[in-house]
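Everything on this sheet refers to the single structure shown next.
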Amino acid sequence: ETGVTQSPTHLIKTRGQQVTLRCSSQSGHNTVSWYQQALGQGPQFIFQYYREEENGRGNFPPRFSGLQFPNYSSELNVNALELDDSALYLCASSLGLAAIYNEQFFGPGTRLTVL
Amino acid sequence: TQLLEQSPQFLSIQEGENLTVYCNSSSVFSSLQWYRQEPGEGPVLLVTVVTGGEVKKLKRLTFQFGDARKDSSLHITAAQPGDTGLYLCAGLDQTGANNLFFGTGTRLTVIP
């Protein structure tokens, strides 16, 4: 148990729809990162939020957006869903920014299927 | 995009055998981490290596960071069924960005 929870566990959507995934970080962790893990692949960095502001972004289009709230919860929103968006979405919280000094604690993920 | 290639992609061994997993890149990383991920869970950090040539041991697991900080290896001695899982290496680049670049993963199965 990492203390990081995600909801829902599984989700099925159709192409073109929008989806919101939620993450609850460990208390006190002001940094949250989101990753996409396609089947059989390693996670790919989507973006990171620090104190409610985006602090870095991977190679994902603008239809992937996020929010971080003061209560250590965060959201990942994906608009205009495509079939290739089907993946496990992971959030990871950490106490601070520097990944080398601040372990990222991962949630169990949300499995998104786009039909 | 920094690419971290892991080999082998799949590995199935008998309990008690030894194994080595490799993580290679053409890019230099300021540090490298190894994670294990089990079905239905997120990755869990095993170790962070920072210095080129560094070797770290965690019980039966030995981690090494290459001298040039472009590659790493994970060696497991006397593998046990509890070692079964997806092993991921992840590099932190030298630009100071705080995101991790994950490798392609090695799926290990240890047969009792």
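Since every read-out is calculated from the coordinates, none of them should be taken as a lab result. In this text the structure is predicted, and so the values were computed from the model without any measurement. Note that we place each Cβ from the backbone using ideal geometry, even for glycine, and neighbour counts take in every protein chain shown.
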Problem - Percentage of interatomic Cα-Cα distances in the range A:25-115 larger than 18 Å - result: 41
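Run the numbers on chain A and let me know its relative contact order in percent, using alpha-carbon pairs under 8 Å that are six or more apart. Don't jump to the answer; show the numbers that get you there.
Working: 292 pairs, mean separation 42.8, N = 115.
It comes to 37 percent, rounded to a whole number.
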Practice task
For A:F47, enumerate residues with amide H under 5 Å from its amide H, sequence gap 5+ or separate chain, H modeled in the peptide plane.
Solution key: A:W34, A:G58
Completion exercise
With A:Q48 itself left out, Lys, Arg at +1 and Asp, Glu at -1 over residues whose Cβ is under 15 Å from its Cβ give -4
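How high is the FRET efficiency from A:R57 to B:V50, r the C-beta distance, R0 35 Å, rounded to 0.05?
0.85
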Practice task
List the aspartates and glutamates whose Cα lies under 18 Å from the Cα of B:K70, skipping any in the same chain that are fewer than 8 positions away.
Solution key: B:E5, B:E54, B:D93
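State the dimensionless ratio Rg/Rh of the range B:1-102 (Rg: radius of gyration of Cα atoms; Rh: Kirkwood radius).
Values: Rg = 13.3 Å, Rh = 13.9 Å.
Radius of gyration over Kirkwood radius for the range B:1-102 works out to 0.96.
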Exercise for the section: Give the Debye-formula value of log10 I(q)/I(0) at each listed q (0.15, 0.17, 0.25, 0.26 Å⁻¹), with one equal scatterer per alpha carbon of the range B:1-41, two decimals each. Expected result: -0.54, -0.67, -1.08, -1.11
Exercise for the section: Give the peptides B:10-21, B:59-70, A:24-35 in descending order of average Cβ contacts within 10 Å, highest first. Expected result: A:24-35, B:59-70, B:10-21
Exercise for the section: Would you mind computing, in nm to one decimal, how far apart the modelled labels at A:Q41 and B:N18 are, each placed 7 Å from Cα along Cα→Cβ? Expected result: 3.5
Fill in the blank from the handout: hull vol. (C-alpha, convex hull) per residue for the protein assembly as shown, Å³ -> 116
